[in-house]
Amino acid sequence: MTRTMSSSPPPDNGRAAKRPKLEHLTSDSFKNGFFLAPMVRSGALPTRLMALKHGASLVWGPEVVDKAILHTERVVDPVTGVISYNGKTRAIFTTHPIEKPYLIYQIGSASPELAVQAAKTVVQDVSGVDLNCGCPKPFSTHAGMGAALLTNPDLLCDILTSLRRELPSHVTVSAKIRLLPSQEDTKRLVERIIRTGVSALTVHCRTRNMRPREVALIERLREIVEFVESLGVDIPVVANGDCQGWEDAKRVKRITRASSVMIATAAEANPSCFASTPLHDVETMLIPSYLRLCKYIDNHWALTKFCISQFRSARREITKDEATRLKTRIIKAKGFDELTDLVGSWSGESDFAEIADIIRSRRPRPLLVDSEPEETLQKPISGEGLSSDDDGPPIATPPDRPNPEPPTSRAPLGPSWDVRMPQPAIITGSDMLTPTPTPKPLFPFGS
């Protein structure tokens, strides 16, 4: 579908969503919330809108490298109101005014100057800017970005300080880090970040070299949260790692005492996981409306297929074979029009209007928990690979995982349950442990 783009805001013609009349984000906006994590490709606009529809408090956009956004052209679709920052061959970032009050833009950067320029490029369309300090992928770390910043705290803090100084005061600045092998080193880094003036800090409870199938070390976060409180600053700490949904977020919050909880993998599989009762049978309950929405807002077909390929949920009314056949057909399709019989009719405008109405009328839903006895806090949730009466094997540093912590880095003890360990490519048919395609590293296991 080809549309004539405009560089000015869309007309208020009933179809273009009105912006919710909300105040700007503050540190308090990061408290008692349930957030969509930044995910390359999977954190596309349609998924963010679905997450907001089903109850996400705030949504992070996918990481965008600073230089990638600097030479884009901002255009507005006059029909849908979608805002695209277009590069030479594709849109680098897309958003919509309906999500702006809840949208955090994540930057990948190793330069204070470029980070500020990138943030200023999109600042009119977002409510907050977040610095990626945790991505372990070679495409990020080889240039000193992402998790590489964890070992360059001076640069990390310079970037945050510059962002806070140069951006309007109503735009929040935050950071997302990973745990360092040493708890004391982690606390020292956290203190430095807190002193830069950030509005919030997210901690992914894995170290740089841990893989997604390894259990997140969320129990380490409680000490960090208490440490931040002891500094006498009111900065929310957000927990990220192994949360499965709304009810499970309460478990994570009890264990960590974090201000809020962020979710990635489970939201990638089912964006309705933010609801107290997530959708089941996503093949019939979610995918048709997702397809209609994607076509209406002109989401790239390849990106649409990728996101749908990640969807999965409990099945009640369709069989595994039926779900597999539907997914296979979508993946093989070369465009939206080949799937007309699956969606009924291309009524994406109605789907978008429903989402916009829900977002406009949403009411606060704080993530609050009651205290529980200490001995019950660290029980694994059902479905994490352990039965309810199995405490699992002794805690030990996994000796056979790829890219283990260097022996001199004082690696923490970490769970090594087989169910969370990476499976060989010969079994899985893929060496992908994360949904984001990873360029082949120049050296084994990346940097």
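Checked against the criterion of being more than 22 Å from E349 (Cβ to Cβ) and buried (at least 20 other Cβ atoms within 10 Å of the Cβ), the range 73-83 contains not a single residue that satisfies it.
Scanning the range 158-179 turns up one or more residues that are in a loop (DSSP other than H, G, I, E, B), under 16 Å from D130 (Cα atoms) and without any contact (Cβ under 8 Å) to a residue 40 or more places away in the chain.
Residues in the range 204-231 that are assigned to a strand (DSSP E or B) and either surrounded by fewer than 24 Cβ atoms within 10 Å (Cβ to Cβ) or in contact with a helix residue (DSSP H, G or I) (Cβ under 6 Å, 6 or more places away or on another chain) (or both): C205, R206.
A Cβ distance below 8 Å, combined with a sequence gap of six or more or placement on separate chains, defines the contacts here; from the range 243-256, residues that are under 18 Å from R206 (Cα atoms) reach residues that are open to solvent by less than 10 Å² (accessible area, probe 1.4 Å) and of a type in the set (S, T, Y) in the pairs K253/S260.
Evaluate the following for S182: is it open to solvent by 30 Å² or more (accessible area, probe 1.4 Å), over 21 Å from T47 (Cβ atoms), of a type in the set (G, A, S) and at pLDDT 95 or above? It is false that S182 is open to solvent by 30 Å² or more (accessible area, probe 1.4 Å), over 21 Å from T47 (Cβ atoms), of a type in the set (G, A, S) and at pLDDT 95 or above. Restricting A51, A44, A56, A37 to those that are closer than 18 Å to A302 by Cβ, of a type in the set (G, A, S) and either surrounded by fewer than 18 Cβ atoms within 10 Å (Cβ to Cβ) or modelled with pLDDT of 95 or more (or both) reduces the list to A44. One residue stands out in the range 137-157 among those that are small (G, A, S) and assigned to a helix (DSSP H, G or I): the one that is surrounded by the fewest Cβ atoms within 10 Å (Cβ to Cβ), namely A148.
For D357, the stated conditions do not hold, so it cannot be described as over 22 Å from the mean Cα position of the chain (by Cα), surrounded by 14 or more Cβ atoms within 10 Å (Cβ to Cβ) and at pLDDT 95 or above. Given the structure, is T89 under 21 Å from C294 (Cα atoms) and either among the basic types (K, R) or open to solvent by 40 Å² or more (accessible area, probe 1.4 Å) (or both)? So T89 fits the description; yes. Within the range 92-136, being crowded, with 23+ Cβ neighbours inside 10 Å and charged (D, E, K, R) holds for E99, D130. Among the residues in the range 58-69, are any assigned to a loop (DSSP other than H, G, I, E, B) and farther than 30 Å from P366 by Cβ? So far as the range 58-69 goes, no, none of its residues is assigned to a loop (DSSP other than H, G, I, E, B) and farther than 30 Å from P366 by Cβ. May I ask you to verify whether D298 is among the acidic types (D, E), in contact with a helix residue (DSSP H, G or I) (Cβ under 9 Å, 6 or more places away or on another chain) and not in a helix (DSSP H, G or I)? No, not satisfied. Entry remark, the range 315-346: residues being part of a loop (DSSP other than H, G, I, E, B), open to solvent by 40 Å² or more (accessible area, probe 1.4 Å) and closer than 30 Å to V79 by Cβ number 4 in total.
When the range 251-271 is filtered for residues that are part of a helix (DSSP H, G or I) and either surrounded by fewer than 24 Cβ atoms within 10 Å (Cβ to Cβ) or of a type in the set (A, V, I, L, M) (or both), the ones remaining, listed by number, are R251, V252, K253, R254, I255, T265, A266, A267, E268, A269.
The values are calculated or read from the model by the stated rules, or taken from the named source; none is laboratory data. What you are looking at is a predicted structure, and each value in this text was computed from that prediction instead of being measured. All Cβ positions, glycine included, derive from the backbone under ideal geometry; neighbour counts span all protein chains shown. Side chains are part of the model used for accessible areas, which takes the heavy atoms of the whole protein and leaves out ligands, DNA and RNA. Shrake-Rupley method; radii C 1.70, N 1.55, O 1.52, S 1.80 Å.
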